[in-house]
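Encoded as structure tokens, the structure appears first; notes follow it.
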Amino acid sequence: MKQFRYSLQLKNDLLDFFILLFNIHGMNSPHNLYIHVPFCISKCNYCAFFSRAIAPDWEYYQNQILHEVDFWHDKLGRIDVPTIFFGGGTPSLMPVETFNNIINHISSRFDLSDCVEITLESNPGTLDEKKLDDFIACGVSRLSVGAQSFDDNELNFLGRRHDAKTAIKLLDTAMQKNIRVSADFIYGLPGHNVQNIISLCDQINKIGLQHASLYELTIEKNTPFGQMNLNMPANDAMADMYLAIQDNIKLPRYEVSNYATPEHICRHNQNIWDGAPYIGLGHGARGRVFMDNTWFEQSGGDIKYSKIDNKTRAIEKLMTGLRTMRGMIIDDAIKNVLDFDFINAHNDLVKIEHNVIRATDTGILILDDLLVDILR
Ligand code: SF4
């Protein structure tokens, strides 16, 4: 585990080095790409993501994405793209031809020779083996499956359109291909306790997943769940369930909600959490663009972008970096926002070692409060 952390830290150092090098030479830094696909078959009861249950006009969607790629190519030039992530919504609904046209257009405008990962998010019931093979042939190297639960009653409660058998079949099929596979799950449903977590982790272990994301159910206002008066587990029970995940899943935790063997971590998300630049394409996508030595917050669809100052960006980086087990390197901008007196007095919650700040296992449990406390 220690070796894993330091090898990742070395990658983080290299990332900063390359950003610096690109700027010295007047070139723009590599940017990861997030492409939002805002269409679903129906809306799930808990979902506040930007997605619509409509029949998509794929040609219109494709043209919009190509237009945004051209816009950023004009701004940034032929930048390197280390990772591409198609998120949603339900990207697996997309015709393979649309996906292929988008990838081909990206590779005509940006340099994909060092692209290490193209992720496609998918939902069970929207992706058969033939379509998966076609996506893989067009470049998909990582499949993220929205399994959410292995219990049909829970899936029904969540408003999912698939059953557990369909999810397991997609996972089994995908794991036989030459790609990396992940699955998302939701826990902390009304009535859930540690026993539910143990049973979920047992099934994840049994299937042999190498990457799993386990998210606590949060109730968002403008969702069907937000209109119900659900009897949610108490905070202490949620914390017990969270701790039970680490005790029972046979995968190292590398981010608050993400567990994977070192070879299977999501490189796109790790880059974003490390503070690397990324462009969000499509309505509902957000990015952080680094251009002419300045950070910009950016949104896809209508292509808006505006400057953010170094202090704001440093706080953002801390917020994402502290969610990861490897932590965040303290550069000059981050140094300026940290309250070192608080940190030194609370080594049980947060630690600085080798110029890297990291939340401890106890600190992770109160991360939102901790992030407020460590800032000056
Ligand atoms: S499939 Fe995902 S994005 Fe679509 S409605 Fe359900 S949770 Fe939201």
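The values are calculated or read from the model by the stated rules, or taken from the named source; none is laboratory data. All figures in this text were calculated on a predicted structure; none of them were measured in a lab. All Cβ positions, even for glycine, are placed from backbone atoms using ideal geometry, and neighbour counts span all protein chains on display.
Odds and ends about this structure:
- Considered as a group, the residues in segment 299-336 that are among the β-branched types (V, I, T) and assigned to a loop (DSSP other than H, G, I, E, B) include one that is surrounded by the fewest Cβ atoms within 10 Å (Cβ to Cβ), and that residue is I303.
- Filtered residues of segment 212-249 (kept if of a type outside the set (A, V, I, L, M), outside any loop (DSSP other than H, G, I, E, B) and either farther than 25 Å from K169 by Cα or touching a Lys or Arg at 6+ places or on another chain (Cβ under 7 Å) (or both)): P224, F225, G226, Q227, N235, D236, D240, Y242, Q246, D247
- In segment 331-361, the residue that is modelled with the lowest pLDDT out of those that are under 23 Å from the mean Cα position of the chain (by Cα) and under 20 Å from Y254 (Cβ atoms) is D361.
A quick yes/no check of all residues on (1) farther than 30 Å from A53 by Cα; (2) in the same structural domain as I364 (by TED's automatic domain parsing); (3) free of Cβ contacts under 8 Å to residues at least 24 places away in the same chain:
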{"position": "L158", "(1), (2), (3)": "no, no, no"}
{"position": "L170", "(1), (2), (3)": "no, no, no"}
{"position": "A183", "(1), (2), (3)": "no, no, no"}
{"position": "P190", "(1), (2), (3)": "no, no, no"}
{"position": "N205", "(1), (2), (3)": "yes, no, no"}
{"position": "M228", "(1), (2), (3)": "no, no, yes"}
{"position": "D236", "(1), (2), (3)": "yes, no, yes"}
{"position": "D240", "(1), (2), (3)": "yes, no, no"}
{"position": "A244", "(1), (2), (3)": "yes, no, no"}
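- Filtered residues of segment 36-62 (kept if within 14 Å of the ligand (Cβ to nearest atom) and either outside the structural domain of H162 (by TED's automatic domain parsing) or not in a loop (DSSP other than H, G, I, E, B) (or both)): H36, V37, F39, R52
- Qualifying positions in segment 260-278 - within 14 Å of the chain's Cα centre (by Cα) and either among the aliphatic types (A, V, I, L, M) or under 19 Å from V145 (Cα atoms) (or both): A260, H264, I265, C266, R267, H268, N269, Q270, I272, A276
- Unique match (being in the same structural domain as N178 (by TED's automatic domain parsing) and within 16 Å of the ligand (Cβ to nearest atom)) among T83, T119: T119
- Any pair with Cβ under 8 angstrom, 6 or more apart, that starts in segment 298-310 at a residue that is without any contact (Cβ under 8 Å) to a residue 24 or more places away in the chain and ends at one that is in a loop (DSSP other than H, G, I, E, B) and not basic (K, R): S299/A285; D302/H283
- Flag if I65 is in contact (Cβ under 8 Å) with a residue 40 or more places away in the chain and either within 14 Å of the ligand (Cβ to nearest atom) or part of a strand (DSSP E or B) (or both): no
- Condition check for E97: surrounded by fewer than 17 Cβ atoms within 10 Å (Cβ to Cβ) and either of a type in the set (D, E, K, R) or away from the ligand (no atom under 16 Å from the Cβ) (or both): yes
- You will find that of D339, D348, the residue that is touching a strand residue (DSSP E or B) at 6+ places or on another chain (Cβ under 9 Å) and acidic (D, E) is D339 and no other.
- If the condition is being assigned to a helix (DSSP H, G or I) and among the small types (G, A, S), then segment 171-202 contributes A174, S199.
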